[in-house]
1. Does region 19-26 contain at least one residue that is at pLDDT 85 or above and more than 30 Å from residue 77 (Cβ to Cβ)?
2. Run residue 40 past the list (1) loosely packed, with under 14 Cβ neighbours inside 10 Å; (2) closer than 30 Å to residue 104 by Cα and report the number of the one that doesn't hold.
3. Looking at 67, 58, 20 in this structure, which one is outside any strand (DSSP E or B), touching a residue at least 24 places away in the same chain (Cβ under 8 Å) and surrounded by fewer than 15 Cβ atoms within 10 Å (Cβ to Cβ)?
4. If I ask for residues that are outside any loop (DSSP other than H, G, I, E, B) and either at pLDDT 90 or above or in contact with a Lys or Arg (Cβ under 9 Å, 6 or more places away or on another chain) (or both), which ones from region 27-55 would you list?
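The values are calculated or read from the model by the stated rules, or taken from the named source; none is laboratory data. Keep in mind it's a predicted model, so treat the numbers as computed, not measured. In this analysis, Cβ positions are derived from the backbone assuming ideal geometry, glycine residues included, and neighbour counts consider all displayed protein chains.
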Amino acid sequence: MPIYEYECHGCRRRVSLLVLSPSTAAAPRCPRCGSLELSRLMSRFATVKSEDARLESLADPSQYGDLDENDPRSMARFMKRMGDEMGEDLGEDVDAAMEEAIAEGDDAGGEGEGGGGEGGDDDSGL
């Protein structure tokens, strides 16, 4: 049972219609405004990758040209890309840890790794 997407020329919206039998179906009608002036759109689709294909795409070094292991934001993008490629939800804990790392990276800004706080004063006397 295919679902087709159309653009309605009457209300200028995208609509999705379930077509049980394309060969015997009546002309599509917009469920929002009732217009018969619809243009069929190309729908997005997903392809299924094998685990080997997913792992191979992760091993491609050209995808990681912007990876900087010292930058929390860069590492967070890398983790998200890995999770997306593997089709895994990394979970709320990992998402929270990535957001915290990004926030710490933003807070460190131009202060360097020590952050310039009290810990830096204690170390300077050694």
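1. The answer is no, given that none of the residues of region 19-26 is at pLDDT 85 or above and more than 30 Å from residue 77 (Cβ to Cβ).
2. Going through (1) loosely packed, with under 14 Cβ neighbours inside 10 Å; (2) closer than 30 Å to residue 104 by Cα one by one, residue 40 breaks only (2).
3. Matching residue, one of 67, 58, 20: 58.
4. Of all residues in region 27-55, those outside any loop (DSSP other than H, G, I, E, B) come to 38-40, 51-55.
Hits for region 27-55 are 38, 39.
Residues are listed down the side, and each one gets a yes or a no for (1) among the polar types (S, T, N, Q); (2) over 25 Å from residue 96 (Cα atoms):
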position	(1), (2)
6	no, yes
24	yes, yes
33	no, yes
36	no, yes
47	yes, yes
52	no, yes
57	yes, yes
63	yes, no
